[in-house]
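**Student:** Structure below; questions to follow.
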Amino acid sequence: MGMIVRLLVAAGLVFGFHYAVKHGVATAIMAQLGDRPQMSPAITVEPEALRQAMEVGRAVDTSAQRTAIESASRQLEEMNRTMRPPLPPTVPLPPNIPGMPRH
């Protein structure tokens with residue numbers, strides 16, 4: 001019974017010491033800072049400029065030059081696909097026999 005009481009007293013002392021240090025540090029920091037005004041945010045965003053910047057990528061390019069580039073790109077991809085060697089055959093799995101473990 002005496003050991004439990006000692007343990008509770010020790011826990012109380014540790015908790016009290018922790019609270020005192022925490023409170024003391026917080027008070028010291030607040031005293032250092034004082035009543036300084038809050039800093040303004042480092043980044044300011046103008047909504048209209050942001051909207052205009054987002055609209056730039058939505059323009060549809062209907063030029064014949066872009067169509068020719070995409071067509072050539074598709075042809076090149078198709079040539080690469082046909083010239084690629086075939087995938088090696090997969091290793092066949094052993095037959096699945098019910099009741100027999102597969103190791």
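Read-outs: derived from the displayed coordinates by stated rules, not from any lab. Every value quoted in this text rests on a predicted model; they were computed, and no experiment measured them. Here the Cβ is made from the backbone with ideal geometry for all residues, glycine too, and neighbour counts use every protein chain on show.
**Student:** Does Arg6 satisfy the criteria of being outside any helix (DSSP H, G or I) and of a type in the set (Lys, Arg)?
**Tutor:** no
**Student:** On to the next question. Could you run through the range 1-54 and say how many residues are exposed (fewer than 10 other Cβ atoms within 10 Å of the Cβ) and of a type in the set (S, T, N, Q)?
**Tutor:** 4
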